[in-house]
Amino acid sequence: QALPVLFKQWLKNEEVEEGGTAMLHCELTKPNAPVEWRKGDTVLQPSDKYEIRQEGTHVELFIYDAEARDA
């Protein structure tokens, strides 16, 4: 039976000025595990606003042109 994917490094709160770029990142116990970024019930999709990168166990979310509603 396969072991579950766990966080080796949890997300940390990030502060960024309005109009700036926020970067959230975490580290998983298994490489290339599927990751879903959410804001509340909404699944974030790659777009001009959001960039999602995943390399091995490292996963990153970039939020461009940050606004108060992105908190």
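The values are calculated or read from the model by the stated rules, or taken from the named source; none is laboratory data. All values reported here derive from a predicted model rather than from experimental measurement. Heads up, the Cβs are rebuilt from the backbone with ideal geometry, glycines too, and the neighbour counts pull from every protein chain shown. Side chains are part of the model used for accessible areas, which takes the heavy atoms of the whole protein and leaves out ligands, DNA and RNA. Shrake-Rupley method; radii C 1.70, N 1.55, O 1.52, S 1.80 Å.
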Check your understanding: If Ile63 passes every condition in (1) surrounded by 13 or more Cβ atoms within 10 Å (Cβ to Cβ); (2) at pLDDT 90 or above; (3) out of contact with any helix residue (DSSP H, G or I) (no Cβ under 6 Å at 6 or more places or on another chain); (4) not aromatic (Phe, Trp, Tyr) but one, which one does it miss?
Key -> (3)
Check your understanding: Only one of Ala2, Ala22 is modelled with pLDDT under 90 and open to solvent by less than 90 Å² (accessible area, probe 1.4 Å); which?
Key -> Ala2
Review point. In region 56-71, what residues are part of a loop (DSSP other than H, G, I, E, B) and within 16 Å of Gly19 (Cβ to Cβ)?
Key: Tyr64, Asp65, Ala66, Glu67, Ala71
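How about region 33-55: which of its residues are surrounded by 12 or more Cβ atoms within 10 Å (Cβ to Cβ) and in a loop (DSSP other than H, G, I, E, B)? Give the steps one after another, and end with the answer.
First pass over region 33-55, keeping only residues surrounded by 12 or more Cβ atoms within 10 Å (Cβ to Cβ): 33, 35, 37, 39, 44, 46, 49-54.
Across region 33-55, the qualifying residues are Ala33, Val35, Trp37, Leu44, Pro46, Lys49.
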Point to revise | region 52-63 residues that are over 15 Å from Val5 (Cα atoms), paired with ones that are among the aromatic types (Phe, Trp, Tyr) (beta carbon under 9 Å, 6 or more apart) | key: Ile52/Trp37; Ile52/Phe62; Arg53/Phe62; Leu61/Trp37; Leu61/Tyr50; Phe62/Tyr50; Ile63/Tyr50
